[in-house]
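Below: the structure, in structure tokens.
The values are calculated or read from the model by the stated rules, or taken from the named source; none is laboratory data. What you are looking at is a predicted structure, and each value in this text was computed from that prediction instead of being measured. All Cβ positions, even for glycine, are placed from backbone atoms using ideal geometry, and neighbour counts span all protein chains on display.
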Amino acid sequence: MPENLVHATAEYEAGYLVVRGRWFALEQRSPRGYKLLTEEEVLVVVNTMIRVPWVLFNGSAAGKEPRESRSGLYILGEEWYNRLFESV
């Protein structure tokens, strides 16, 4: 095994735990609508990250791709927002 992994110009040391992820940006505040920033996957270092499983956007189901609204945004309900906010 290599001691370092290089992906998309980022270098990760051996032993780091990385996962595939996507980035979303807040586009509107009420209801909370997020835009997917890129279709490309990114690697995220999770060694020291707090993980909250199964965050669901409105209209989505666990284990399936999130669904966009007609506006092209992913809507996060107040219940999920409050749950995420309280976990920090």
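Below, the figures for the structure above:
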{"item": "Wholly within segment 1-62, strands (runs of 3 or more DSSP E) carrying at least 2 residues that are in contact with a strand residue (DSSP E or B) (Cβ under 9 Å, 6 or more places away or on another chain) and modelled with pLDDT of 85 or more", "result": "24-29, 32-36"}
{"item": "Pair list, Cβ < 6 Å and 6+ apart or interchain, from segment 55-82 residues that are closer than 18 Å to R22 by Cα to residues that are hydroxyl-bearing (S, T, Y) and at pLDDT below 85", "result": "P66/S60; R67/S60; I75/S69"}
{"item": "Candidate set from segment 10-26 (those that are under 24 Å from V55 (Cα atoms) and touching an Asp or Glu at 6+ places or on another chain (Cβ under 8 Å)); member that is surrounded by the most Cβ atoms within 10 Å (Cβ to Cβ)", "result": "R22"}
{"item": "Cβ-Cβ under 7 Å pairs, at least 6 apart or on other chains, segment 26-37 side without any contact (Cβ under 8 Å) to a residue 40 or more places away in the chain, far side among the hydrophobic types (A, V, I, L, M, F, W, C) and part of a strand (DSSP E or B)", "result": "K35/F24; K35/A25; L36/F24; L37/F24; L37/A25"}
